[in-house]
1. Among all residue pairs at least 6 apart or on different chains, which show Cβ distances below 6 Å where the first residue, located in the stretch 145-170, is at positive phi and the second is part of a loop (DSSP other than H, G, I, E, B)?
2. Suppose we filter ILE25, ILE67 for residues that are open to solvent by 100 Å² or more (accessible area, probe 1.4 Å), modelled with pLDDT under 90 and within 26 Å of LYS114 (Cα to Cα); which single one remains?
3. Regarding the stretch 37-49, can at least one residue be identified that is more than 23 Å from GLY117 (Cβ to Cβ) and among the basic types (Lys, Arg)?
4. Here are the criteria: (1) in a loop (DSSP other than H, G, I, E, B); (2) touching a His at 6+ places or on another chain (Cβ under 7 Å); (3) open to solvent by less than 50 Å² (accessible area, probe 1.4 Å). Tell me which single one PHE147 does not satisfy.
5. Which of the residues belonging to the stretch 150-162 are within 30 Å of VAL32 (Cβ to Cβ) and loosely packed, with under 13 Cβ neighbours inside 10 Å?
6. Out of the stretch 113-129, which residues are more than 19 Å from ASN177 (Cα to Cα), touching a strand residue (DSSP E or B) at 6+ places or on another chain (Cβ under 8 Å) and outside any loop (DSSP other than H, G, I, E, B)?
7. Go through (1) within 21 Å of VAL134 (Cα to Cα); (2) in contact with a Gly (Cβ under 9 Å, 6 or more places away or on another chain); (3) aromatic (Phe, Trp, Tyr) for PHE44 and report which single condition fails.
8. With the checklist (1) in contact with a strand residue (DSSP E or B) (Cβ under 8 Å, 6 or more places away or on another chain); (2) open to solvent by 80 Å² or more (accessible area, probe 1.4 Å); (3) part of a loop (DSSP other than H, G, I, E, B) in hand, flag the one item PRO139 doesn't pass.
Amino acid sequence: VNGMDQPVTAPATLQPAKRPSPVSIKRLGHVVIQVRNLGRSVRFYTEILNLRVSDDAPAGGVFLTAIGDHHTIGLFPSDGDNAEIPSKGAVRVHHFAFQVNTLDELFEIRSYLKERGVPIVWEGRRAMGGHTSVEFLDPDGYHLELFCDMDQLAPGQSSRPRNPKGPFDSLEKSRDNPKPKNW
């Protein structure tokens, strides 16, 4: 097993498949990220997202849980407060998302994030997936999304047709332009 600090080189090419992949993913399990200030990030994820610390990692990180699994997020220290943040076009994680139950919750969450001074980078309903969300940044600039009402696709089912009026760039516009229940 590779440690957090051991570089692994990505394959330059992918060999042709000789059989179908046996992978059958059930859901996103967890995300592990490197942060500049571990204490500050633990406070953000516990105070803003209500995760709780589940364990201290032997490698100096902290595991947090939200949904019953031992860990939902792993936080590990980077090279300190001066660690570089990848540029916008760099190869990096773009964002990760957590589901909440209702649009009313998203309104309350948006209000709370604003009260706490958390930078909101987008809100509303995107054209793809049909879900409504609030997107914001953590202290290290990681882009997080809280969403509700993601379209569910059965095997072989196609995606919802795009709404020619959307996307809707606010929670209010999303609420005032409900998506059809069936498509």
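The values are calculated or read from the model by the stated rules, or taken from the named source; none is laboratory data. Keep in mind it's a predicted model, so treat the numbers as computed, not measured. Here Cβ is always computed from backbone atoms with ideal geometry, including for glycine, and neighbour counts include all displayed protein chains. Quick note on the areas: whole protein, heavy atoms, side chains included, nothing else; ligands and nucleic acids left out. Shrake-Rupley method; radii C 1.70, N 1.55, O 1.52, S 1.80 Å.
1. Matching pairs, first to second residue: ASP149/HIS131.
2. Working: ILE25 fails: within 26 Å of LYS114 (Cα to Cα).
Testing whether each residue is open to solvent by 100 Å² or more (accessible area, probe 1.4 Å), modelled with pLDDT under 90 and within 26 Å of LYS114 (Cα to Cα) leaves just ILE67.
3. Filtering the stretch 37-49 down to residues more than 23 Å from GLY117 (Cβ to Cβ) leaves none.
For the stretch 37-49, residues more than 23 Å from GLY117 (Cβ to Cβ) and among the basic types (Lys, Arg): absent.
4. For PHE147, the exception is condition (1).
5. The answer is GLN152, LEU153, PRO155, SER159.
6. We begin by selecting, within the stretch 113-129, every residue more than 19 Å from ASN177 (Cα to Cα); these are 113-121.
Within this subset, residues satisfying the condition of being touching a strand residue (DSSP E or B) at 6+ places or on another chain (Cβ under 8 Å) are 113-114, 118-121.
Within the stretch 113-129, LEU113, LYS114, ILE120, VAL121 meet the criteria.
7. Condition (2) is where PHE44 drops out.
8. With (1) in contact with a strand residue (DSSP E or B) (Cβ under 8 Å, 6 or more places away or on another chain); (2) open to solvent by 80 Å² or more (accessible area, probe 1.4 Å); (3) part of a loop (DSSP other than H, G, I, E, B) applied to PRO139, the lone miss is (2).
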